[in-house]
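The values are calculated or read from the model by the stated rules, or taken from the named source; none is laboratory data. The model shown is predicted, which means the values in this text are computed figures rather than measured ones. With ideal geometry, Cβ positions are generated from the backbone for all residues, glycine too; neighbour counts draw on all protein chains shown.
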Amino acid sequence: MANTSESSFWMPPQASTIAKEVDDLFDFIMDLNYIFFIIITVMTVAFVVMYRRKSDDQLATSDFDHSILWEGAWVFVPLLLCLVVFVWGFRLFLNLSVAPEGSMEISVTAQKWAWSFKYDDGQVVNDLYVPANRPVKLIMKSRDVLHSFYVPDFRVKSDVIPNRYTTVWFEALAPGEHRIYCTEYCGKDHSGMYRTVKVLSEEDFAARKKKGFEGRPEGQSPAAWGKELYSKLSCVTCHSLKEGERRIGPSFWGIVGREGETEDGEKYIANEEYIRESIMNPMAKIVKGYPKSMPSFAGQVDDDQMDAILAFMKTLK
Amino acid sequence: MSNIIIHKHAHHFYDAEQQASSAKLGMWLFLVTEVLLFSGLFVAYTVIKTLNPEMWKVASEQLNWVLGSVNTLVLITSSWTVALAVRAAQTNQKGEKNKQIVGLLVFTIVCAFGFLGIKYVEYSHKIHDGLLWGTSFFNHPEHVAQINGAVSKAFGAGIFQVPDIAAAMKTAIAAAQGTDAYAAMDAAMHEWTHHQELVHKYPELAHVGDGHLFFGIYFLITGLHGIHVVIGMSVLLWVLLGAMKGKFYKDYYTPVELGGLYWHLVDLIWIYLFPLLYLV
Amino acid sequence: MSETQADPGYHVSDKKETNYIHASKGLLSWILTVDHKRIGIMYLFTIFATFALGGLMALLVRLELLTPGETIMGPETYNRVFTLHGLVMVFLFIIPGIPAALGNFVLPLMLGAKDVAFPKLNLASFHIYIIGTIMALWTTLDGGVDTGWTFYTPYSSTTNTPVIMMTLSAFVLGFSSIFTGLNFIVTIHKMRAPGLGWERLPLFVWAMYATAVIQVMATPVLGITLLLLIMERVMGVGIFDPALGGDPVLFQHFFWFYSHPAVYIMILPGMGVMSELITTFSRKRIFGYRAIAVSSIAIAVISFLVWGHHMFVSGQSAYAGMVFSFLTFLVAIPSAIKIINWSTTLYKGSISLDSPMLWALPFLILFTIGGLTGIFLGALGTDVHLHDTYFVVAHFHYVMMGGTAMAFFGGIHYWWPKMFGKKYNEFWARVSAVLVFLGFNITFLPQFVMGSRGMPRRYYDYTPDSGYQIFHQISTVGSWVLLLGMLIMLVYLASSLRSGEVAERNPWGARSLEWLTQSPPIEHNFHEIPTVVEGPYEFPLAGANTASEGMDVSGS
């Protein structure tokens, strides 16, 4: 099996089957860039040096002002090269867009500011686990605004849109980890929305999938796992752990059992049921004085994770 | 040359003819920008119609094509009269036909008022019936949810929970006479009743579920057009004032001509949008 | 062959008539002026100010990116700062830029006219621009907009920042742009001096004409796009809202239908200035006049057909992508023609390295880099990897700043003696040009590499282990070199205004009509409208016996 290559000057490692194809076109265009840049720069510098005005009344020594041959060459040669690049780029694009038959499908949801990945067995995780050497097709949608799924090492990217599905496919070459970036500006934590593609060997992948990719790690307490989830699910962006510190949402310090008032004037006590509802259906009760900005995590947080989050919150006092 | 213009001209022009032809070219360019402004809306219309064909068919039937046709005739007539006004100015010896020019311009402006009046009638009807955009559309799921919320809050049960909610509301409201809760209940019941009336009045629309995208486009296009009608009227009014002072004659009728051009555009845009909205 | 027809008594006046600056006094005489030259000067000063504001935003952005994590501001502030940088630079600096500040001043002079076709409309353009600017700055008082200058929905239709005021300001500014374009088209059609046929027009005029056509045709579409966004926010119409059955990607189509032609509004005037600078400072006729003129029109036309190349990964169909990619390559060809024609013009010329030329020559090289890197983005297969990364940021800064801004500064230096009748310090001007060139490349070259290595754009932060930090640091240092170059420019230009040497009528020995006027010109530009009998750029050849400079009558 081909190993991923080392990164080159311009490009990150080639970690997918299509990366080399992309880099080949990139390199060709880069060569064209170098050639034409050198031609123009050398021409300009040479002419400036050779025909530099040495005295105030020095005039031009030629009135050469048109040449069908020269102009024609500069139309046809660039045109030809552009057409070559166009066709090459288009065919590559079709390869990038059309997933092979029998690709393993994983569904992806983007929201401000987290990714979640759902497998055919229903489990939902926050990093993308894939087997090496098998084509994987991602079926993606957004819950709120535009996002974009980008893995530089794989050379794949597609915008993720609300109310519509878009797709991306890749085949990873070898086990390893690769960055996922969001590349469509989506607000405060746009740059914090990165996750990892974890490419596993075929056997590892099957084994871990059976166990649950992101179940509570062995030996870790629910509260400690809850603390990890607090970061992973991006709660940290809007909810501080410091007493009284307000970000976009209320602080989690002392939240369990806290009393308060909703914007409709209803009184509430933040018990387990309230917290669970706030995570699954945040619009149901908005705390007075806070904006209606929290996205829902329904379908992203399973029961184990919910218990862990509650356990963690209970430690915050 | 029989058309040497001897009218006074601005200092940066060689002569009045250059000034007049520059003004005309300028106005044509401006009309191009107006066409492109509306073209965005026509593109939006096309795209959204393609994505929602049933909504389009059903919703557009709610527009009153008779009133629309009358408006079309009104505008075409007004275009004709403004063209006559330009002609009158063009052939006017200084001071001669002013009354004619004034009269034709007045008639044009009156037609414009007529157009706006009919549009007012159409608009108020639609607004009253909740045939609007976005979630304010009378049968939009979120609008219905809002009504349900209000009813639930006031009566303790939602419109989908009780088989005969109307009767239940009547009983509850009668019982609540004189209490604090009465006002909220009354308002909620009004909303619900009005909604039911509309559902009965527009069964096909209720069946299709929503018409909000159509009516959004309808109000946007006719609204923007209406604003341009008002702009056109203002321009013609200004020209009218000049005509009343006897300013326009065969060597200087540029404002009449340009005002007329603008008015023709306003008419032309309506001629495109009328069939697209009313006759589709 | 190179003589203007002499009317008996026609002469370039030696009598020092009061110039346009001193023709009337008082603030009101400037604010209510209908003199195109005064309007141009007012635009010039305002545009310098908006450039400084946009530049300050850029410096802040680069400062934040010096280190991972928070350096000087939090993410929400950062998002507002980069948005303001884009909005100010695009709508308040570069789109009005050359047409308003230089075109207004130079165009009527170059045509042998006394003013533009509609002087009052010209004044209205200026005041509308000021109103739009104030509205845009108002949003900063209100917390600032955080959508990016592209306002993509649904983010822009739902975010809690003053989007409506900002889009209204852009809407207002659009009118200024449209009226200027309209004015220029009519002026060029109707107000040319006798004998100044289309094939004798300086290429700056052709460039302004093509720009004006785009301004008139594209800007209204931006207008309706912004109106629709406002309606979306205010009325919840729903055409961009997926929850209401609308399509957020439709916004992108509308937006880029204007904004792609808009980038040609930005570059074409710069290309026009280039033609003037290259010819004057090589004392040579332009190579391929007709090709350059026609290519300007070709660019204007094709520019309307390529907007989808901003949307290759937006979810639009591969078929649409194919069409847009193909057309994008077509639009590259006319620009390539210009570059080669300018370079070829230098052949056997007499090349001066006076400061305006030190802006023109870098343009040649930097715009080449910008244009060539566009090929990566026009090709579908590579654009997937590079879209929305710093590679794109570097590409457009090379064409817009390495291109247009360089040409803008070159044009300012070139026409400065004509505008103000004063010279500036040539030594410091050269220092500034070199510093800006160096600073620019240090800032933006690393961004190509960062981008192809995957660094996304509009990112507040990056992790220490991502390997991008060194590129960010080099880039930030480059921005300081740029700042230094600009500050030096500000100082010597201000000093020139205050106490610069008096400039002659035609210090550069150029041959277009504006150099026949006094420096600065009288209020009505020409004592007598000249009649033109030769093409533009008819510089004498070595060995020919006319030693005249400019379009003088020999023996005058």
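Can you name the residue in region A:139-153 that is surrounded by 21 or more Cβ atoms within 10 Å (Cβ to Cβ) and in a loop (DSSP other than H, G, I, E, B) and is also farthest from the chain's Cα centre (by Cα) among such residues? Reasoning before the result, please.
In the first step, residues of region A:139-153 are kept if they are surrounded by 21 or more Cβ atoms within 10 Å (Cβ to Cβ); the result is A:140, A:142, A:145-153.
Still in the running and in a loop (DSSP other than H, G, I, E, B): A:145-146, A:152-153.
Values: A:Val145: 14, A:Leu146: 12, A:Pro152: 9, A:Asp153: 12 Å.
The qualifying residue farthest from the chain's Cα centre (by Cα) is A:Val145.
For A:Val136, are the conditions met, namely being of a type outside the set (Gly, Ala, Ser), outside any strand (DSSP E or B), in contact with a Phe, Trp or Tyr (Cβ under 7 Å, 6 or more places away or on another chain) and on the phi < 0 side of the Ramachandran plot?
Numbers: of a type outside the set (Gly, Ala, Ser): yes; outside any strand (DSSP E or B): no; in contact with a Phe, Trp or Tyr (Cβ under 7 Å, 6 or more places away or on another chain): yes; on the phi < 0 side of the Ramachandran plot: yes.
When the stated conditions are applied, A:Val136 does not pass them.
Restricting attention to region A:232-275, and to residues there that are in a loop (DSSP other than H, G, I, E, B), of a type in the set (D, E, K, R) and more than 26 Å from A:Lys112 (Cα to Cα), which single residue is modelled with the highest pLDDT? Before you say what the answer is, go through the steps one by one.
Residues of region A:232-275 that are in a loop (DSSP other than H, G, I, E, B), as a first pass: A:233-234, A:239-258, A:263-266, A:270-271.
Remaining after also requiring of a type in the set (D, E, K, R): A:242-243, A:245-247, A:258, A:263-264, A:266.
So of that shortlist, the ones also more than 26 Å from A:Lys112 (Cα to Cα) come out as A:258, A:266.
Values: A:Arg258: 88, A:Glu266: 83.
Looking at residues that are in a loop (DSSP other than H, G, I, E, B), of a type in the set (D, E, K, R) and more than 26 Å from A:Lys112 (Cα to Cα), I get A:Arg258.
Could you figure out which of (1) farther than 30 Å from C:Pro536 by Cβ; (2) in contact with a helix residue (DSSP H, G or I) (Cβ under 9 Å, 6 or more places away or on another chain); (3) facing another protein chain (nearest Cβ under 9 Å) isn't true of C:Trp138?
All conditions pass for C:Trp138, except number (3).
Inside region A:159-177, can you point out the residues that are more than 8 Å from every other protein chain (Cβ to nearest Cβ) and either over 20 Å from A:Ser234 (Cα atoms) or polar (S, T, N, Q) (or both)?
As a first pass, look at region A:159-177 and keep what is more than 8 Å from every other protein chain (Cβ to nearest Cβ): A:160, A:165, A:167-177.
Result: A:Tyr165, A:Thr167, A:Val168, A:Trp169, A:Phe170, A:Glu171, A:Ala172, A:Leu173, A:Ala174, A:Pro175, A:Gly176, A:Glu177.
Collect the residues in region C:350-401 that are within 23 Å of C:Met489 (Cα to Cα), in contact with an Asp or Glu (Cβ under 8 Å, 6 or more places away or on another chain) and at the interface with chain A (Cβ under 10 Å from one of its Cβ atoms), keeping them in residue-number order.
First, the residues of region C:350-401 that are within 23 Å of C:Met489 (Cα to Cα): C:352-367, C:397-401.
After this cut, where a residue has to be in contact with an Asp or Glu (Cβ under 8 Å, 6 or more places away or on another chain) as well, the list is C:354-355.
Listed by number, the list holds a single entry, C:Asp354.
Does A:Ser116 satisfy the criteria of being part of a strand (DSSP E or B), at pLDDT below 95 and not assigned by TED's automatic domain parsing to the domain that holds A:Asp303?
Working: part of a strand (DSSP E or B): yes; at pLDDT below 95: yes; not assigned by TED's automatic domain parsing to the domain that holds A:Asp303: yes.
The answer is yes for A:Ser116.
Would you tally the residues in region C:319-351 being farther than 22 Å from A:His66 by Cα, in contact (Cβ under 8 Å) with a residue 24 or more places away in the chain and surrounded by fewer than 21 Cβ atoms within 10 Å (Cβ to Cβ)?
Residues that pass the stated criteria total 3.
For residues that are out of contact with any strand residue (DSSP E or B) (no Cβ under 7 Å at 6 or more places or on another chain) and among the aliphatic types (A, V, I, L, M), scanning just region A:271-297, find the one that is nearest to A:Cys186 (Cα to Cα).
A:Met294
Based on what the data block shows, is A:Leu233 surrounded by 13 or more Cβ atoms within 10 Å (Cβ to Cβ), among the aliphatic types (A, V, I, L, M) and within 25 Å of the chain's Cα centre (by Cα)?
Numbers: surrounded by 13 or more Cβ atoms within 10 Å (Cβ to Cβ): yes; among the aliphatic types (A, V, I, L, M): yes; within 25 Å of the chain's Cα centre (by Cα): yes.
Judged against the criteria, A:Leu233 is a match.
Mind checking whether some residue in region B:206-213 is of a type in the set (A, V, I, L, M, F, W, C), more than 14 Å from chain C (Cβ to nearest Cβ) and farther than 25 Å from B:Gln100 by Cβ?
Going residue by residue through region B:206-213, those that are of a type in the set (A, V, I, L, M, F, W, C) are B:206, B:208, B:213.
So of that shortlist, the ones also more than 14 Å from chain C (Cβ to nearest Cβ) come out as B:206.
Narrowing further to those that are farther than 25 Å from B:Gln100 by Cβ: B:206.
Checked against the condition, which is being of a type in the set (A, V, I, L, M, F, W, C), more than 14 Å from chain C (Cβ to nearest Cβ) and farther than 25 Å from B:Gln100 by Cβ, region B:206-213 yields at least one hit.
Taking A:Ser221, is it at pLDDT below 90, out of contact with any helix residue (DSSP H, G or I) (no Cβ under 6 Å at 6 or more places or on another chain) and closer than 24 Å to A:Lys292 by Cα?
On the way: at pLDDT below 90: yes; out of contact with any helix residue (DSSP H, G or I) (no Cβ under 6 Å at 6 or more places or on another chain): yes; closer than 24 Å to A:Lys292 by Cα: no.
Against the criterion (at pLDDT below 90, out of contact with any helix residue (DSSP H, G or I) (no Cβ under 6 Å at 6 or more places or on another chain) and closer than 24 Å to A:Lys292 by Cα), A:Ser221 does not qualify.
If you go through region B:28-46 one residue at a time, do you hit one that is away from chain C (no Cβ under 12 Å), assigned to a helix (DSSP H, G or I) and small (Gly, Ala, Ser)? Walk me through it before giving the result.
Step one: list which residues in region B:28-46 are away from chain C (no Cβ under 12 Å), which gives none.
There is no residue in region B:28-46 that is away from chain C (no Cβ under 12 Å), assigned to a helix (DSSP H, G or I) and small (Gly, Ala, Ser).
May I ask you to list the residues in region C:280-291 that are part of a helix (DSSP H, G or I) and either within 13 Å of C:Ala207 (Cβ to Cβ) or charged (D, E, K, R) (or both)?
Of everything in region C:280-291, those that are part of a helix (DSSP H, G or I) and either within 13 Å of C:Ala207 (Cβ to Cβ) or charged (D, E, K, R) (or both) turn out to be C:Tyr289, C:Arg290.
Do any helices (runs of 4 or more DSSP H) lying entirely in region C:146-262 carry at least 3 residues that are within 14 Å of chain A (Cβ to nearest Cβ) and farther than 20 Å from A:Val145 by Cβ, and which ones are they? It would help to see each step written out before you state the result.
Values: elements: C:155-158, C:163-190, C:203-235.
It comes to none.
From the list A:Asp144, A:Asp127, which residue is touching a residue at least 40 places away in the same chain (Cβ under 8 Å), within 14 Å of chain C (Cβ to nearest Cβ) and within 23 Å of A:Met306 (Cβ to Cβ)? Explain how you work it out, then say what you get.
Numbers: A:Asp127 fails: within 14 Å of chain C (Cβ to nearest Cβ).
Of the residues listed, the single one that is touching a residue at least 40 places away in the same chain (Cβ under 8 Å), within 14 Å of chain C (Cβ to nearest Cβ) and within 23 Å of A:Met306 (Cβ to Cβ) is A:Asp144.
Is there a residue being exposed (fewer than 14 other Cβ atoms within 10 Å of the Cβ), among the hydroxyl-bearing types (Ser, Thr, Tyr) and within 12 Å of chain C (Cβ to nearest Cβ) anywhere in region A:67-82? Break it down into steps so the answer makes sense when it comes.
Of all residues in region A:67-82, those exposed (fewer than 14 other Cβ atoms within 10 Å of the Cβ) come to A:67-69, A:72-73, A:76-77, A:80.
Cutting the leftovers down to among the hydroxyl-bearing types (Ser, Thr, Tyr) gives us A:67.
If we keep only those that are within 12 Å of chain C (Cβ to nearest Cβ) too, we end up with A:67.
Yes - at least one qualifying residue is present in region A:67-82.
Looking only at region A:186-230, which residues are in a helix (DSSP H, G or I), more than 17 Å from the chain's Cα centre (by Cα) and more than 22 Å from A:Glu171 (Cβ to Cβ)? Lay out the reasoning, then the answer.
Start the filter on region A:186-230 by keeping residues that are in a helix (DSSP H, G or I), which leaves A:190-192, A:202-211, A:222-230.
If we keep only those that are more than 17 Å from the chain's Cα centre (by Cα) too, we end up with A:202-211, A:222-230.
Passing the criteria: A:Lys210, A:Lys211, A:Pro222, A:Ala223, A:Ala224, A:Trp225, A:Gly226, A:Lys227, A:Glu228, A:Leu229, A:Tyr230.
A:Ala174 versus (1) in contact with a strand residue (DSSP E or B) (Cβ under 8 Å, 6 or more places away or on another chain); (2) assigned to a loop (DSSP other than H, G, I, E, B); (3) crowded, with 20+ Cβ neighbours inside 10 Å: which is the lone unmet condition?
Only one criterion is unmet by A:Ala174, namely (3).
Given the criteria at the interface with another protein chain (Cβ under 10 Å from one of its Cβ atoms), modelled with pLDDT of 95 or more, under 30 Å from C:Val449 (Cα atoms) and crowded, with 20+ Cβ neighbours inside 10 Å, does A:Val156 qualify? Give the steps one after another, and end with the answer.
Numbers: at the interface with another protein chain (Cβ under 10 Å from one of its Cβ atoms): yes; modelled with pLDDT of 95 or more: yes; under 30 Å from C:Val449 (Cα atoms): yes; crowded, with 20+ Cβ neighbours inside 10 Å: yes.
Spelling it out, A:Val156 is indeed at the interface with another protein chain (Cβ under 10 Å from one of its Cβ atoms), modelled with pLDDT of 95 or more, under 30 Å from C:Val449 (Cα atoms) and crowded, with 20+ Cβ neighbours inside 10 Å.
B:Leu75 passes all but one of (1) within 30 Å of B:Tyr249 (Cα to Cα); (2) within 14 Å of another protein chain (Cβ to nearest Cβ); (3) not charged (D, E, K, R); which number fails?
Result: B:Leu75 fails condition (2) only.
Wholly within region B:102-211, which helices (runs of 4 or more DSSP H) include no fewer than the required count, namely at least 3 residues that are under 36 Å from the mean Cα position of the chain (by Cα) and closer than 30 Å to B:Pro53 by Cα?
Values: elements: B:141-155, B:165-175, B:181-201, B:203-208.
Where helices (runs of 4 or more DSSP H) fall fully within region B:102-211 and carry at least 3 residues being under 36 Å from the mean Cα position of the chain (by Cα) and closer than 30 Å to B:Pro53 by Cα, they are B:141-155, B:181-201, B:203-208.
Residue-wise test of (1) surrounded by 22 or more Cβ atoms within 10 Å (Cβ to Cβ); (2) of a type in the set (Gly, Ala, Ser); (3) in contact with a Pro (Cβ under 8 Å, 6 or more places away or on another chain); (4) closer than 20 Å to A:Leu81 by Cα.
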| residue | (1), (2), (3), (4) |
| --- | --- |
| C:Gly308 | yes, yes, no, no |
| C:Ser317 | no, yes, no, no |
| C:Ala360 | yes, yes, no, no |
| C:Gly378 | yes, yes, no, yes |
| C:His397 | no, no, no, no |
| C:Ala407 | yes, yes, yes, no |
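Which of the numbered conditions does A:Ile29 fail, given that it passes all the others? Conditions: (1) without any contact (Cβ under 8 Å) to a residue 12 or more places away in the chain; (2) touching a Phe, Trp or Tyr at 6+ places or on another chain (Cβ under 6 Å); (3) assigned to a helix (DSSP H, G or I).
Here A:Ile29 meets the rest and fails (1).
I'm checking my understanding of the structure. Among residues of region C:110-129 that are under 12 Å from C:Gly40 (Cα atoms) and aliphatic (A, V, I, L, M), which one is surrounded by the most Cβ atoms within 10 Å (Cβ to Cβ)?
Top of the filtered list is C:Val116.
When the residues of region C:449-475 are filtered to those that are facing another protein chain (nearest Cβ under 8 Å) and part of a helix (DSSP H, G or I), which remaining residue is surrounded by the most Cβ atoms within 10 Å (Cβ to Cβ)?
It comes out as C:Ser452.
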